[in-house]
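Visitor: Mind having a look at this structure? Questions to follow.
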Amino acid sequence: KAGVTQTPRYLIKTRGQQVTLSCSPISGHRSVSWYQQTPGQGLQFLFEYFSETQRNKGNFPGRFSGRQFSNSRSEMNVSTLELGDSALYLCASSLEGPGTAGELFFGEGSRLTVL
Amino acid sequence: GENVEQHPSTLSVQEGDSAVIKCTYSDSASNYFPWYKQELGKRPQLIIDIRSNVGEKKDQRIAVTLNKTAKHFSLHITETQPEDSAVYFCAASVDYSGNQFYFGTGTSLTVIP
């Protein structure tokens, strides 16, 4: 079974631009969540989607948004990029259904650098 | 919201010794506590997890203990090996909320041969 796939793996943007990251979950997984990883901050929860609905949202500004498609693929978008948005963005999928937290299967991440 | 604190941030042990990483959480509703291992340049992977209806779980050289009253849980690695060197993250979640996890800031474990 193919793992979680994220694209692009690396990207460089300048302040004020916007970026879209893509995530393809493991086949059969309907839950997709996004995390921001920075040195010293660990993994911070951005949002989770289940069956095309945003089920949970972390404490990030409205510049961060996401969506999930009917095939469970997900995208996240960051608008008006700031230097502090430089980070590794990890997508994770899970087999668990609504009401149950379960194992997260992470992708390799998209490393965003904002100049 | 939930706040997960993790200590220590770095840990060095001699090969064969034990390593212990501790986490505390603030939300008494949290009931699922996984641990993830992230090797350098790799993705995080689940190594062990525990739910609040049990106090301890073991898997070969790895064990996790949970104290619900004190709101803390710990990862124990015995007979450490160089391949255990990695960053370890604890996390907490509330089952009915879906897959929203609060992670600790990580512990960088170095096993010295």
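The values are calculated or read from the model by the stated rules, or taken from the named source; none is laboratory data. Small disclaimer: the values here were computed from a predicted structure and weren't measured. Methodologically, a virtual Cβ is constructed for each residue, glycine included, from the backbone with ideal geometry; neighbour enumeration extends over all protein chains shown.
Visitor: Is it fair to say A:Val4 is crowded, with 21+ Cβ neighbours inside 10 Å, at pLDDT 95 or above and more than 9 Å from chain B (Cβ to nearest Cβ)?
Guide: no
Visitor: In addition: Tell me whether the range B:29-52 contains one or more residues that are among the small types (Gly, Ala, Ser) and outside any loop (DSSP other than H, G, I, E, B).
Guide: No; the residues of the range B:29-52 include none that is among the small types (Gly, Ala, Ser) and outside any loop (DSSP other than H, G, I, E, B).
Visitor: Taking strands (runs of 3 or more DSSP E) that fall entirely within the range A:53-103, which contain at least 3 residues that are closer than 18 Å to B:Tyr102 by Cβ and hydroxyl-bearing (Ser, Thr, Tyr)?
Guide: Hits in the range A:53-103: none.
Visitor: Follow-up question, since we're still on this one. Could you identify the single residue in B:Glu15, B:Glu2 that is surrounded by fewer than 16 Cβ atoms within 10 Å (Cβ to Cβ), in contact (Cβ under 8 Å) with a residue 24 or more places away in the chain and acidic (Asp, Glu)?
Guide: Only one candidate passes the filter, namely B:Glu15.
Visitor: Consider A:Leu90 carefully, then state whether it is in contact with a Pro (Cβ under 8 Å, 6 or more places away or on another chain), in contact (Cβ under 8 Å) with a residue 12 or more places away in the chain and closer than 27 Å to B:Trp35 by Cα.
Guide: Taking the combined requirement at face value, the residue satisfies it.
Visitor: Looking only at residues in the range A:60-113 that are of a type in the set (Val, Ile, Thr) and away from every other protein chain (no Cβ under 14 Å), which one is nearest to B:Ala92 (Cα to Cα)?
Guide: Across the range A:60-113, the extreme among qualifying residues is A:Val78.
Visitor: Which numbered condition in (1) in contact with a His (Cβ under 6 Å, 6 or more places away or on another chain); (2) modelled with pLDDT of 95 or more; (3) among the hydrophobic types (A, V, I, L, M, F, W, C) is the only one that A:Leu95 fails?
Guide: All conditions are met except number (2).
Visitor: Could you give me the residue pairs with C-beta distances under 9 Å whose first residue belongs to the range A:1-15 and is in contact (Cβ under 8 Å) with a residue 12 or more places away in the chain, whose second residue is in a loop (DSSP other than H, G, I, E, B) and basic (Lys, Arg) wherever it lies, and which are 6+ apart or on separate chains?
Guide: Qualifying pairs under 9 Å: A:Gly3/B:Arg43; A:Val4/B:Arg43.
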